[in-house]
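Participant: Mind having a look at this structure? Questions to follow.
Coordinate-derived values only; no laboratory data. Keep in mind it's a predicted model, so treat the numbers as computed, not measured. Cβ atoms come from the backbone with ideal geometry, glycine included; neighbour counts cover every protein chain shown.
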Amino acid sequence: MMTNLFSVFDPSTSILNLSLNWMSTFLGLMIIPYMYWLLPSRFSYLWFNILFTLHKEFKTLLGPNSLQGSTFIFINLFSMILFNNFLGLFPYIFTSTSHLTMTLTLALPLWLSFMIYGWINHTQHMFAHLVPQGTPPILMPFMVCIETVSNVIRPGTLAVRLAANMIAGHLLLTLLGNTGPSMTLSLLSILIIGQLLLLTLESAVAIIQSYVFAILSTLYSSEVN
């Protein structure tokens, strides 16, 4: 019996005290690489078109002064989160992106590296960001405090947004699924249709959240240049 509603999402499969649930993060490695050495297929053309579109969008956001190949880290980030989100929709596969352990590990080093790079190489530019243009002098101390707080909580908001959105849909699917055995046949058919609609919604959320995470990381990076 569950002691906590959220315990269904806990990493529980282990051998020799090693949590095997987190191995689901690497399942994407078994899916992606075949397109790089097999003959091109429709799926690989579609995937390359998506990546090329993302590359152009990230390049626009980063600006002309960005380093060559700087978009690749954000494209890889998008791909990794997208595959992990989708893998979590399959039965009995652990959703790693629904845990802050995973999302904070992605968000915090990225934000920290941007901050260190910005404050070392563009100190005046970073100070200028703390006071928005056109702020009255009397409000400047308050704006510095507000901008500092909003800057410091960025990795937390990135991590919590992804984890909360992923766990919310899974929790709803789990709750509705647990009511199935006690339902009549007519209500069960309605439940199955509802679950399929929710699963479609979760697929859209999986794409949107990976895109939001990558695009916000790109925006944070463009601010320090």
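Participant: Would you work out the relative contact order for the chain, in percent, from Cα pairs under 8 angstrom that are 6 or more residues apart?
Facilitator: 28 percent
Participant: If you take the C-alpha gyration tensor of segment 46-171, multiply each eigenvalue by 5 and take the square root, what semi-axes do you get, largest first, in whole Å?
Facilitator: Semi-axes from the Cα gyration tensor: 32, 21, 12 Å.
Participant: Follow-up question, since we're still on this one. Obtain the radius of gyration and the Kirkwood radius of segment 132-216 from its C-alpha atoms and give Rg over Rh.
Facilitator: Radius of gyration over Kirkwood radius for segment 132-216 works out to 1.30.
Participant: Another question, then. Which of the peptides 177-189, 54-66, 77-89 is most tightly packed, and how do the rest follow, judged by the mean count of other Cβ atoms within 10 Å per residue?
Facilitator: Most protected by this proxy first, the peptides run 77-89, 54-66, 177-189.
Participant: If you add up the charges near LEU108, with Lys and Arg at +1 and Asp and Glu at -1, over every other residue whose beta carbon is less than 15 angstrom from its beta carbon, what do you get?
Facilitator: For residues surrounding LEU108, the net value is +2.
Participant: Residue by residue through segment 210-219, what is 3J(HN,Hα) from phi via Karplus (6.51 cos²θ - 1.76 cosθ + 1.60, θ = phi - 60°)? Round to whole Hz and write x for glycine and proline.
Facilitator: Couplings: 5, 5, 4, 4, 5, 5, 5, 4, 5, 5 Hz.
Participant: Rounded to whole Hz and in sequence order, give me ³J(HN,Hα) for segment 77-83 from the Karplus expression 6.51 cos²θ - 1.76 cosθ + 1.60, θ = phi - 60°, writing x for Gly and Pro.
Facilitator: Going residue by residue, I get 4, 4, 4, 5, 5, 4, 5 Hz, with x marking Gly and Pro.
Participant: If you don't mind, another one. Using only Cα atoms, find the angle between the long axis of helix 140-152 and the longest principal axis of the chain, and express it within 0 to 90 degrees, rounded to the nearest 10.
Facilitator: 40 degrees
Participant: Calculated FRET efficiency, ASN178 and SER203, Cβ-Cβ r, R0 25 Å, to nearest 0.05?
Facilitator: 0.70
Participant: Separate question: Which percent of Cα-Cα pairs in the chain sits in each 10 Å bin, short to long?
Facilitator: 7, 25, 29, 22, 12, 4, 1
Participant: Further, regarding this structure: At what distance in nm do the modelled label points of LEU130 and THR53 sit from each other, each positioned 7 Å from its Cα along Cα→Cβ?
Facilitator: 4.1 nm
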